[in-house]
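Contents: one structure, followed by commentary.
The values are calculated or read from the model by the stated rules, or taken from the named source; none is laboratory data. Everything quoted here is computed from the prediction, not taken from an experiment. Cβ coordinates were reconstructed from backbone atoms using ideal geometry, including for glycine residues, and neighbour counts include every protein chain displayed.
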Amino acid sequence: MADTVLYEVGDGLATITLNRPEAMNALDVATKVALREAAEAAASDTAVRAILLTAAGDRAFCVGQDLKEHIGLLAKDRETGSGQTMSTVREHYNPIVRALAGAPKPVVAAVNGVAAGAGFGFALAADYRLVAETAAFNTSFAGVALTADSGISWTLPRVVGPSRATDLLLFPRSIDAREALELGIANRLVPSAELRAEAERTARALAQGPTVAYAAIKEAVAYGLTHSLAETLEKEDELQTRAGRSEDHAIAVRAFVEKEKPRYLGR
C-alpha cells in the first residue's frame, strides 16, 4: 500500500487516512489504488467493526482527481489511442465507493477541509459525516467538463433531493460547513482543532456497539431507498430475525434487565 494512504487497525476500528496534504490529498493513481485496497480490506475484515475515513492536513479532505497527473495521462491516451485514463472510474472510484457504502459496519468520515469531486463522493459514501467548521464541499465535475462519478449521482440526490443535487452538479460552487449541515451533507459540525479526536471517539463508540444491528440498519436503509413499502417490510422482517438471533441482542436484553451496561461482541 502506498504511503499516500495510511491504514491502521486497532480495537475493532480501521482508520484510513489520505496522506497527501501537500497536494490537498488529490487522487493520483497510486493513491487511488492504495485507497481501494484499504477500503476493501477494512470492509471485508471481520475483526474490523467500524471504519474511520479521514485525511492529513487541515486544508483538504480530498480535492478529487489529481489534475496535474491527469493532464499527462490524457496526453498519453491521445498518443496511443487507448482511452485508458477514464477507466479509473471503473477500476478505482467504483470499488472504493462500493466498499465504503456496502461495508457491513458503520463508516465515519471526518471531513477536515475541502471535499471536492470524488472527495465529496467518498464522504457521501460514509454513513456519518463529522465536518470541521472550516470545511467546504464542491461537486466540481462540470467545472472540468465531466459528469458525476464516485457514486455522487446516487448519494447526493438522496441527501439533498434531486432538484438541489442537479443544481449543485450543473453549477458547482463551494458549500460551506454551515450550509452543509443545513442540507444534511454534514451530520455534525466540530471545531477544526477537535475534529480528529471527536471523530475517533465517535468511530470507536460505534466499533464497540452492536455491529450486527448496525450492519442490518445500513442494509435496510439502502434497500428501502429502491424498493416498495411491501418489499421493505419483508426485508425488515428478514433483517430483524437475523439481528434477533445475534449474541449482541441476547447481551443487550440481559444487560437491560440487570441494569448493566452491555459489552457487545459484534456477533
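If you go through region 39-67 one residue at a time, how many are acidic (Asp, Glu) and crowded, with 19+ Cβ neighbours inside 10 Å? Talk me through it step by step, then tell me what you get.
First, the residues of region 39-67 that are acidic (Asp, Glu): 40, 45, 58, 66.
Retained after the next criterion (residues that are crowded, with 19+ Cβ neighbours inside 10 Å): 66.
Residues in region 39-67 being acidic (Asp, Glu) and crowded, with 19+ Cβ neighbours inside 10 Å: 1 in total.
Within region 8-21, residues that are assigned by TED's automatic domain parsing to the domain that holds THR202 and within 19 Å of CYS62 (Cα to Cα) reach partners that are part of a strand (DSSP E or B) and aromatic (Phe, Trp, Tyr) with beta carbons closer than 6 Å, at six or more positions or on different chains, in the pairs ILE16/TYR7.
The set of residues in region 10-50 that are under 17 Å from the mean Cα position of the chain (by Cα) and in a strand (DSSP E or B) comprises LEU13, ALA14, THR15, ILE16, THR17, LEU18, LEU27, ALA50. Count of region 148-176 residues, restricted to those that are touching a residue at least 12 places away in the same chain (Cβ under 8 Å), surrounded by fewer than 18 Cβ atoms within 10 Å (Cβ to Cβ), over 26 Å from GLU133 (Cβ atoms) and not hydrophobic (A, V, I, L, M, F, W, C), is 1. Restricted to region 167-267, the set of helices (runs of 4 or more DSSP H) holding at least 3 residues that are farther than 22 Å from PHE122 by Cβ comprises 211-224, 229-244, 247-257. Would you mind stating whether ALA250 is surrounded by fewer than 16 Cβ atoms within 10 Å (Cβ to Cβ) and not assigned by TED's automatic domain parsing to the domain that holds THR54? Criteria met by ALA250.
Select from region 126-147 the residues that are part of a loop (DSSP other than H, G, I, E, B) and small (Gly, Ala, Ser) and write down the one among them that is surrounded by the most Cβ atoms within 10 Å (Cβ to Cβ).
ALA135
Only residues that are in contact (Cβ under 8 Å) with a residue 40 or more places away in the chain and in contact with a strand residue (DSSP E or B) (Cβ under 7 Å, 6 or more places away or on another chain) were counted in region 27-48, giving 5.
When the residues of region 179-195 are filtered to those that are of a type outside the set (Gly, Ala, Ser) and without any contact (Cβ under 8 Å) to a residue 40 or more places away in the chain, the one that is nearest to ARG59 (Cα to Cα) is GLU194.
Within region 254-266, identify whether any single residue is touching a residue at least 24 places away in the same chain (Cβ under 8 Å) and among the hydrophobic types (A, V, I, L, M, F, W, C), and answer yes or no. For region 254-266, residues touching a residue at least 24 places away in the same chain (Cβ under 8 Å) and among the hydrophobic types (A, V, I, L, M, F, W, C): absent.
Is it the case, given these coordinates, that ARG164 is modelled with pLDDT of 95 or more, within 16 Å of the chain's Cα centre (by Cα), among the charged types (D, E, K, R) and not in a loop (DSSP other than H, G, I, E, B)? Spell out how you get there, then give the answer.
Numbers: modelled with pLDDT of 95 or more: yes; within 16 Å of the chain's Cα centre (by Cα): no; among the charged types (D, E, K, R): yes; not in a loop (DSSP other than H, G, I, E, B): yes.
It is false that ARG164 is modelled with pLDDT of 95 or more, within 16 Å of the chain's Cα centre (by Cα), among the charged types (D, E, K, R) and not in a loop (DSSP other than H, G, I, E, B).
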